[in-house]
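*Asks:* What follows is a structure written as structure tokens; I'll ask about it next.
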Amino acid sequence: MAKLVAFYSRADENYFGGAYRYITVGNTEKAAKIIADATGADLFKIEQKIPYAKEYNTCIAQAKKDLQAKSRPELVSLPEDLDVYDEIYLGYPNYWGTMPMAVYTFLEAFDWTGKTIHPFCTHEGSGLSGTEKDIARAAKKATVTKGLAIHGSNVDNVRNTIESWCKK
């Protein structure tokens, strides 16, 4: 069966270990592309119909508000047929100790029976937090493997680590 890398990523202003800077490709997207190259997986970007602000502090305030409201933002699209995939690599930045609410929208849209989810996240110090358990709760009947936490500010330097994780 085929593999899919589904990921939520954000470019624009990002936080890098104490400083802010604008980027054109989000850190999670960079990791997703490395995983797709290493596994031969298809790529799918999870995108909100109404994206968060380009400015970092406004973005995280919006994300926190969505988390507190348990919001499920509308997505631009969903994969047409998830049935063709048995392994899904799921990528996301760690927002407030969990995944962006749009990732929950994605997870709750499908039946995960018989599928394996390999979580990976980008962060600047909070690691995976409880996201593996969050995924297991949202994607009932899926097998959720041990995830990979990647410092977003270091994503350009950890290709070997990501590729090794993919082989496990």
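*Asks:* Taking only protein heavy atoms and a 1.4 Å probe, what accessible area per residue, in Å², does region 1-81 have with all protein chains in place?
*Replies:* Here the residues of region 1-81 average 56 Å² of exposed surface.
*Asks:* State the percentage of accessible surface on region 9-168 attributable to carbon and sulfur atoms; use a 1.4 Å probe and exclude ligands, DNA and RNA.
*Replies:* The nonpolar share, carbon plus sulfur, comes to 48 percent.
*Asks:* For the pair Ile50 and Asn160, how long in nm is the line joining their label points, each one 7 Å along Cα→Cβ?
*Replies:* 4.6
*Asks:* If you take the square roots of the eigenvalues of the alpha-carbon gyration tensor of region 83-168 and sort them as a ≥ b ≥ c, do you get rounded (a/c under 1.5), prolate (a/b over b/c) or oblate?
*Replies:* oblate
*Asks:* Could you tell me which of rounded, prolate or oblate describes the chain, using a ≥ b ≥ c as the square roots of the eigenvalues of the alpha-carbon gyration tensor, with rounded for a/c under 1.5 and, failing that, prolate when a/b is larger than b/c and oblate otherwise?
*Replies:* oblate
*Asks:* Moving on. Based on DSSP, what percent of beta bridges with both residues in region 65-168 are antiparallel, to the nearest 5?
*Replies:* Taking every DSSP beta bridge with both residues in region 65-168, the antiparallel ones total about 5 percent.
The values are calculated or read from the model by the stated rules, or taken from the named source; none is laboratory data. Not measured: the values here are computed from a predicted model. Heads up, the Cβs are rebuilt from the backbone with ideal geometry, glycines too, and the neighbour counts pull from every protein chain shown. With ligands, DNA and RNA removed, areas are computed over all heavy atoms of the protein, side chains included. Shrake-Rupley method; radii C 1.70, N 1.55, O 1.52, S 1.80 Å.
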